[in-house]
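> Here it is, the structure, as structure tokens.
The values are calculated or read from the model by the stated rules, or taken from the named source; none is laboratory data. What you see is a predicted model; the values in this text were computed from it and never measured. Glycine also receives a Cβ, built like all others from the backbone with ideal geometry; neighbour counts cover every protein chain displayed.
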Amino acid sequence: MSPFIGRAGELAELARLREARQAQLVIVEGRRRIGKSRLVGEFARGRRFLQFAGLARAPQTTAQTQRDEFARMLASQTDLPKVSSDDWGALFQLLCREVSRGAVIVLLDEISPCPSAIDSGRTRRAFPLTRN
């Protein structure tokens, strides 16, 4: 993996948010292939970290295959058994149970945010990520 350079400001901002000692939702946005996931991964180094990635859009990708993949990733990163569910709510309840055990960084990668959550002010945009 290539060295991680040029993101000291963004890492410092993430560290500042983490020091708040309360749950935070941070959206890191920017163009594709600019290093958003790598930034979060570098920040999470040495910390409890759960990473989830959406499946690529394809004719065979359905809401159920997305849920199955999320369940597989959850089980592979925790002590939870692999489950199958047709309900996102049940899967996120399992994730909530897992994160309630202590500090954890959760990355939802390639998953579009809910516009109503952004518009209502329930999320925080820490910073846009641009190419150095």
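> Can we say Q60 is at negative phi and modelled with pLDDT under 90?
yes
> Within the stretch 63-80, can you find the residues that are within 12 Å of E98 (Cβ to Cβ) and either outside any helix (DSSP H, G or I) or among the β-branched types (V, I, T) (or both)?
T78, D79, L80
> Which ones in the stretch 39-71 are surrounded by 14 or more Cβ atoms within 10 Å (Cβ to Cβ) and among the basic types (K, R)?
Result: R48, R67.
> Turning to a different aspect of this structure: Looking only at the stretch 17-45, filter to residues that are under 12 Å from the mean Cα position of the chain (by Cα) and part of a loop (DSSP other than H, G, I, E, B); which one of those is nearest to R101 (Cα to Cα)?
Only one residue tops the list, namely Q24.
> The conditions are (1) assigned to a loop (DSSP other than H, G, I, E, B); (2) surrounded by 13 or more Cβ atoms within 10 Å (Cβ to Cβ); (3) in contact with a helix residue (DSSP H, G or I) (Cβ under 6 Å, 6 or more places away or on another chain), and L14 fails exactly one of them. Which is it?
For L14, the exception is condition (1).
> May I ask you to list the residues in the stretch 105-132 that are at pLDDT 50 or above and either outside any loop (DSSP other than H, G, I, E, B) or buried (at least 16 other Cβ atoms within 10 Å of the Cβ) (or both)?
Within the stretch 105-132, I105, V106, L107, L108, D109, R124, R125, A126, F127, P128, L129 meet the criteria.
> Quick check on my filter: what residues within the stretch 29-66 are under 30 Å from D86 (Cβ atoms), in contact with a helix residue (DSSP H, G or I) (Cβ under 7 Å, 6 or more places away or on another chain) and of a type in the set (A, V, I, L, M, F, W, C)?
Scanning the stretch 29-66 gives L50, F52, L55.
> Starting from the stretch 22-42, keep only residues that are of a type in the set (K, R), then list their pairs with residues that are at pLDDT below 90 whose Cβ atoms are within a distance under 6 Å, requiring at least 6 positions of separation or different chains.
Sorted first by the residue in the stretch 22-42, then by its partner, the pairs are K36/V28; K36/G30; K36/L129.
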